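Before any comments, here is the structure.
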Amino acid sequence: MALSAEPIVLVHGGAGSITDAQLPVALHGVKTAARVGFETLKCGGSVLDAVQQAVRSMEINPQFNAGYGSVLTWEGKVEMDAAIMNGDDLNAGCVSVPRRRDTCSFRAKVQCFSQRKRISKFYPKALWSRINHRKHLKTIRIV
C-alpha cells in the first residue's frame, strides 16, 4: 500500500535576536516564504524549485539577511554561501561566492551542473555566465 502525504514547507528566518517590534514583520516574512514554496509545489514545481523560491523570497525581504548578510571572514570581508540537499538521493549542492546576492539560485545551478560530482576549483563568474559549458569546471568524482 502506497502512502501519500501533503507536502509541508518549513522555513526559518535565521539566527539572532528579534525584538517584539520586529516579530510581526519577521513572522509575515517567513509565512510568505513558506507560502511561496508551497505554491511552487502546487503548481507542479519540484522540491528544489520550491526551496529556491522560498529562499529567494527571503533574499529580497529586507527583514532577513539572506542573500546579503554574513559573518565576516578573517579578512573582514563578506562572503555568501548557500547549501541544499535532496533527502531522497542525498544529492547536495553548496557554494560560497563573494559578491553575489542570489547564492541560492547560483548554488542550484552548481548542483544541477555538477551532477553528483564535487567541484574543487572554479571561477565563479565563468560558471555563472557559462553554466552549460563543462569546460569551465574542474570536477572530481565522489565515491
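The values are calculated or read from the model by the stated rules, or taken from the named source; none is laboratory data. As the structure is a prediction and not an experimental result, all values here were calculated from the model. Methodologically, a virtual Cβ is constructed for each residue, glycine included, from the backbone with ideal geometry; neighbour enumeration extends over all protein chains shown.
Worth pointing out:
- Total residues in the range 32-65, condition over 25 Å from Gln22 (Cα atoms), crowded, with 19+ Cβ neighbours inside 10 Å and within 14 Å of the chain's Cα centre (by Cα): 1
- Of all residues in the range 1-31 being in a helix (DSSP H, G or I) and β-branched (Val, Ile, Thr), the one that is surrounded by the most Cβ atoms within 10 Å (Cβ to Cβ): Val30
- Cβ pairs under 8 Å, 6+ apart, first in the range 12-30 and in the same structural domain as Ala50 (by TED's automatic domain parsing), second loosely packed, with under 13 Cβ neighbours inside 10 Å: Val30/His12
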